[in-house]
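Reviewing the structure listed below.
Readers should treat all values here as calculations from the given coordinates under stated rules, not as data from a laboratory. Because the structure is predicted, anything quoted here is derived from the model rather than measured. Here the Cβ is made from the backbone with ideal geometry for all residues, glycine too, and neighbour counts use every protein chain on show.
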Ligand SMILES: [Zn+2]
């Protein structure tokens, strides 16, 4: 079978943060312990190190580095779990989860909002900085492929850190399949890493689209409405329910635009446009501070940083930014 190369077409998903990841995930070889051990021993292999949900970044001169040799990773602190992330033509990549004790909470800043305000350090290692992945992405610290790799490692290791016990019988579970499963020896249950679907969408009414803002957003920022998809729902019904709940707008046809892995902690954002059937907004004040219609000209002004009221679009790392671009680019 011929698989079309990703280079022969462009998906809007690839423009979002954390989405570029072209590794061979080696899913058929994860149970081959000798093969995995051999990959770990190869000198060119690199490891992403995660501790207390932070990515360990090393400063060397003016440069920053988030990929360590397995020996360097082991030198940072006690490693609790190691997972296989995948392999590029040059090398294999693993993720390592540090024991919580390897990092010390030095302070907690006052700022709230969406930012992780903990100040964490690796004692005795001033060259290492445990960084928030949001900050890494918004600052564009690494190339898109590395940022995607960090997102994969963070989501998977977050799951391991919080699933040490079997949810069926309560006994401890152990990592298997190179980190893509946990097995319970006691009751034989197998547990697989989660991905939680979230719908994120713009309701569209002709030349206007609907956005809202939560109190925790940066000043002046409006974004697409979003919410978790619930058991028993289709993507379309979740989109319609969220728009109705948060803004009182009834929606009809739903069109898929793009998706984005969102490693906070393990979501898949499913970006859609929905045709609005009603026009009068009723804001759910428990979820939103405000919701309003924006004309296409206003959205273009926001994307170009010249909205007359100083209103801002979401950061280009977020899929909401690319939903706006998709809507602006859409003809008809
Ligand atoms: Zn069990």
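With Cα atoms defining each centre, the range 143-160 and the range 46-71 are spaced 12 Å apart in the structure. Quick check: the angle from helix 319-329's long axis to the longest principal axis of the chain, C-alpha only, nearest 10 degrees? With both axes taken from Cα atoms, the answer is about 40 degrees. Here the sum of -39500 (n - 2.57) over DSSP H runs of 4 or more residues, divided by the residues of the chain, equals -6500 deg cm²/dmol at 222 nm, to the nearest 500. For the listed peptides 85-92, 49-56, a ranking on the average number of other beta carbons within 10 Å per residue, highest first, reads 49-56, 85-92. Note: relative contact order over the chain, using C-alpha pairs below 8 Å and six or more positions apart, is 17 percent. Relative to the longest principal axis of the Cα atoms of the chain, the long axis of helix 144-161 makes an angle of roughly 70 degrees. A straight chain from residue 207 to residue 221 at 0.36 nm per residue would run longer than the Cα-Cα distance by 3.0 nm.
Can you say what percent of the DSSP beta bridges in the chain, counting only those with both residues inside, are antiparallel? Round to 5.
Approximately 75 percent, going by the DSSP bridge assignments.
The calculated FRET efficiency for the pair residue 10 and residue 275, based on their C-beta separation and a Förster distance of 35 Å, comes to about 0.90. Applying 0.36 nm per residue to the separation of residue 31 and residue 121 and subtracting their alpha-carbon distance, the gain on full extension is 28.9 nm. For the listed peptides 312-323, 18-29, 141-152, 162-173, a ranking on the average number of other beta carbons within 10 Å per residue, highest first, reads 312-323, 141-152, 18-29, 162-173.
Counting only DSSP beta bridges with both residues in the range 196-329, tell me the antiparallel percent, nearest 5.
Within the range 196-329, antiparallel bridges account for around 70 percent of the total.
For the pair residue 108 and residue 64, what calculated FRET efficiency results from E = 1/(1 + (r/R0)^6), where r is the Cβ-Cβ distance and R0 = 22 Å, to the nearest 0.05? FRET efficiency, residue 64 to residue 108: 0.40. Ordering 269, 190, 221 from the fewest to the most neighbouring beta carbons within 10 Å gives 190, 221, 269. Got a sec? Which residues in the range 208-224 would a label at residue 245 touch, if it sits 7 Å along Cα→Cβ and we count backbone N under 20 Å? Residues passing the 20 Å test: 210-217, 223-224. Computed extension gain for residue 283 through residue 264, at 0.36 nm per residue and net of the alpha carbon distance, reaches 4.3 nm. Normalising the average separation of contacting C-alpha pairs (under 8 angstrom, six or more residues apart) by the number of residues puts the relative contact order of the range 12-162 at 30 percent.
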